[in-house]
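Step one of this worksheet: look at the structure below.
Each reported figure results from applying straightforward, stated rules to the coordinates on display, with no laboratory input. Just so you know, these numbers come straight off a predicted model, no measurement behind them. Using ideal geometry, Cβ is built from the backbone for each residue, glycine included, and neighbour counts are taken over all protein chains shown.
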Amino acid sequence: MAHAAEPVLILAVALNFVALGVSRLRPVIHGVALQGALLGILPFLTHPEIGLRGGLLVGGTVALKGLVIPALLFRAMREANIQHEVQPVVGFIASLVLGAVGTGLAFVSASTLPLADEHTNALVVPASLSTVLTGFLMLTTRRKAIMQVVGYLILENGIFLFGLLLVEAMPFLVEIGVLLDLFTGVFVMGIIIHHINREFAAAGTEQLSELKD
């Protein structure tokens, strides 16, 4: 991986802690949007020879992750009238501690993986593992459905980052399919958030335990 990508990867990992430690929804969405946009430009830094088709994919990724999906989340936030996460399953300080432990384990375990020589000392693998773990934490420790959508986005960012190792071998149509799935998933979750809020006057997923067959 190019050395120019390392500051971007470090910033992407730092944004994981913003998502874990901030209760206000708007800055969390802004942080995830910035993370997605930063990861979207990484192919240019690591594979400058990707060509026109790759450039179009990079542009689409940045636009979708940095603009379109955050706009959908802000709209869902306004319609559900939620501004912050209240009483998550795991507190914000504990989430930061778990995130720090997970990041440390990601850096340790990355060195044990059978990687190609050019990827052995790169930050992309530990950064991707750390981001995936952060996404899982957000999915499992937040009560608000929209925060869980944010966790899903962070998880996908980690998978996208790991996929950069295979960008030369992986067809771009596969990447486009992943982005389409991501967009569709967020769109559907926005509808679900709206209906949860309408039925239960709240946007917490714990209310779903009241549903009966």
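Compared with the alpha-carbon gap, the fully stretched path from residue 24 to residue 4 is longer by 4.0 nm at 0.36 nm per residue.
Available extension along the chain between residue 108 and residue 75 is 7.9 nm, counting 0.36 nm per residue and deducting the alpha carbon span. Panel order for 112, 131, 61, by other beta carbons found within 10 Å of each beta carbon, from fewest to most: 112, 61, 131.
By other beta-carbon atoms within 10 Å, ranking 57, 139 with the fewest at the front produces 139, 57.
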